[in-house]
1. Out of (1) over 13 Å from the mean Cα position of the chain (by Cα); (2) surrounded by 14 or more Cβ atoms within 10 Å (Cβ to Cβ); (3) part of a helix (DSSP H, G or I), what's the single condition that is false for residue 64?
2. Please state which one of 59, 40, 28, 85 is out of contact with any helix residue (DSSP H, G or I) (no Cβ under 8 Å at 6 or more places or on another chain) and at pLDDT 95 or above.
3. Of all residues in the stretch 32-52, which are in contact (Cβ under 8 Å) with a residue 12 or more places away in the chain, out of contact with any strand residue (DSSP E or B) (no Cβ under 7 Å at 6 or more places or on another chain) and either more than 19 Å from residue 6 (Cα to Cα) or not in a helix (DSSP H, G or I) (or both)?
4. Mind listing whichever residues of the stretch 1-16 are assigned to a helix (DSSP H, G or I) and free of Cβ contacts under 8 Å to residues at least 24 places away in the same chain?
5. Hey, does the stretch 94-111 have a residue that's surrounded by 11 or more Cβ atoms within 10 Å (Cβ to Cβ), modelled with pLDDT of 90 or more and touching a helix residue (DSSP H, G or I) at 6+ places or on another chain (Cβ under 9 Å)?
């Protein structure tokens, strides 16, 4: 997984605005997942021990809670411990260099911006 500021967004079918609003996950076949669905996709495509959690996040009943929790975390991500410059929202004073990162020279399958 890579910060969206390091990716060629056009090649992935994404925009900076879309990536600033929510986490994005692009599968090897080009399917795009956003928000809590991106987190679930990252988990289901990750290490085997995390895959069941990705499926649980999309289960009926839990899906709604996951979406609301994701929305709160995304809205407050710059205030949470462990935040990096890549987590700063565009247009804020958190990090004046956000958006200035170079594009990654290549894409890895199953890996999308966070």
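1. Only one criterion in (1) over 13 Å from the mean Cα position of the chain (by Cα); (2) surrounded by 14 or more Cβ atoms within 10 Å (Cβ to Cβ); (3) part of a helix (DSSP H, G or I) is unmet by residue 64, namely (2).
2. Values: 40 fails: out of contact with any helix residue (DSSP H, G or I) (no Cβ under 8 Å at 6 or more places or on another chain); 28 fails: at pLDDT 95 or above; 85 fails: at pLDDT 95 or above.
None of the others qualify; the one that does is 59.
3. 35, 36, 37, 40, 43, 45
4. Taking the stretch 1-16 first, the residues assigned to a helix (DSSP H, G or I) are 4-6, 9-12, 16.
Result: 10, single match.
5. no
The values are calculated or read from the model by the stated rules, or taken from the named source; none is laboratory data. Because the structure is a prediction, the values reported are computed rather than measured. Cβ: placed from backbone, ideal geometry, glycine included. Neighbour counts: every protein chain shown.
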